[in-house]
Amino acid sequence: MNLFRSLLLGLACAAPAIGLAQWQWVDKDGRKVFSDQSPPPEIPAKNILKQPGGRALVPAAAEPVPTAAPAPSAVPASAATRTATGTLKIGGKDKELEEKKKQAEAAEAEKRKAEEERVAKARADNCSRAKQSKADFDSGMRIARTNAKGEREVLDDAQRAAEVKRLQEMIASECKAS
């Protein structure tokens, strides 16, 4: 029984060491790959993120080369897939992150649309006010304004012509079709 306990204790202590024997690298598609086998020879050393226990890389001749790699279209689009060599590829994108990104983009598009509608409404209001003011000036009625001193002044012909010109420019800028 003592032997069994010490063997069990030894295995329990060795289990984390077995878990540390993992390779981690970035494949040609930019996805992180986790495996208990070394990366294929076409993976450059700079793309190897983690190797087990600080050991030197195993030469490519010692590793079995897979005869047929799965085509990119044959690999499922799930978050984790196994290749023909048994390596685990964590790929694709985080679905929650994509969903949050879509929601943020939708909210931003909604804000832009609301702002565009507000600006269009303001332009339409400015257009209708400018047209109404121009109609008042075109009617020939005498137009009076209050000056800075609070006195009422009737516009003469030169002031009237300048105001009509300003109103025409405003109509041209605010009433053009969007």
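Some points to look at:
- Taking all protein chains together and rolling a 1.4 Å probe, Arg5 ends up with roughly 150 Å² accessible.
- 9 Å beta-carbon shell around Gln24, net charge (K/R +1, D/E -1): +2
- Links that overshoot a 29 Å alpha carbon limit, given the list Lys100/Lys176; Lys32/Lys100; Lys28/Lys95; Lys121/Lys165: Lys100/Lys176
- For the range 94-142, with +1 on Lys and Arg beta carbons and -1 on Asp and Glu, the positive-most of Leu97, Phe137, Ala107 along the dipole: Phe137
- Here the peptides 139-145, 121-127 are ranked by packing, the mean other Cβ count within 10 Å, and the order with the highest first is 121-127, 139-145.
- Close amide H partners of Trp23, meaning residues 5 or more places away or on another chain with modelled amide H under 5 Å apart, are Ser35, Asp36, Gln37.
- For Ile143, residues with placed amide H under 5 Å, excluding near neighbours: Leu155
- Within the accessible area of the range 117-178 (1.4 Å probe), percent carbon and sulfur: 50 percent
- Take the Cβ atoms of Ala45 and Gln22, set R0 to 22 Å, and the FRET efficiency comes out at 0.80.
The values are calculated or read from the model by the stated rules, or taken from the named source; none is laboratory data. Everything quoted here is computed from the prediction, not taken from an experiment. Glycine gets a Cβ as well: all are built from the backbone with ideal geometry, and neighbour counts include every protein chain shown. Only protein heavy atoms, including side chains, enter the accessible area calculation; ligands, DNA and RNA are left aside. Shrake-Rupley method; radii C 1.70, N 1.55, O 1.52, S 1.80 Å.
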